[in-house]
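Below you'll find the structure, written out as structure tokens, and then a few comments.
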Amino acid sequence: MARFIPAHLLDELVWRDLCEVLTHPEVIAQALQRAQDGHWLPQELQARWEQLRNGRVGLDQQLDRLTETYLGGMVPSVECQQRRHELEQRLQALDSQAQQLEASVDRHVEVATLITSIEDFCQCIRQGLALASFVQKRHLVELPIDRVWSRMRRWRSAM
């Protein structure tokens, strides 16, 4: 048998929860940080970029040495082509990793921007929460839901 809960009790419950979140935006920031899988600290990003850059430099040097040895007649053409192909595949793998890292950086920046936006929004409306009309309350409840769904759709399409 289904039990019915009066709408005004649900409205009050939702409004109390929303007010709690809006007066403590750090809860949202923490939830976003937990939800962002694989988020990295800036030092880790810099270290990874450096690894990719060093890998790229090393492979470019190997390609240069291979070309020099081939031109010097020390490596047969077939062997040179085989080695060059292997090095180019490794370069492509590094490029792919760099693109993935760039996408991670973009997501990290987007989450940081979203957190700032949420904190600003909460600061702006905090004072009027107690005096809000039903229409204003409904709008405040719907606004974060719409923004979250919009961002989630963009993140999913980027992956």
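The values are calculated or read from the model by the stated rules, or taken from the named source; none is laboratory data. Quick caveat: nothing in here was measured; it's all calculated off a predicted structure. Ideal geometry is used to build each Cβ from the backbone, glycine not excepted, and the neighbour counts take in all protein chains shown.
At a glance:
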{"item": "Where a residue in region 57-73 is surrounded by 12 or more Cβ atoms within 10 Å (Cβ to Cβ) and its partner, wherever it lies, is basic (K, R), with Cβ under 8 Å and at least six apart", "result": "L59/R90; L63/R84; L66/R83; L66/R84"}
{"item": "Residue ID - modelled with the highest pLDDT, chosen from residues in region 57-108 that are small (G, A, S) and under 30 Å from R151 (Cβ atoms)", "result": "S96"}
{"item": "Of residues in region 101-143 being among the small types (G, A, S), farther than 23 Å from E26 by Cβ and surrounded by fewer than 13 Cβ atoms within 10 Å (Cβ to Cβ), the one farthest from the chain's Cα centre (by Cα)", "result": "S133"}
{"item": "Qualifying position, being of a type outside the set (G, A, S), within 32 Å of the chain's Cα centre (by Cα) and over 20 Å from D17 (Cβ atoms), among L63, L59, L71", "result": "L59"}
{"item": "Unmet requirement for R84, which otherwise passes all of (1) farther than 19 Å from E20 by Cβ; (2) under 34 Å from the mean Cα position of the chain (by Cα)", "result": "(2)"}
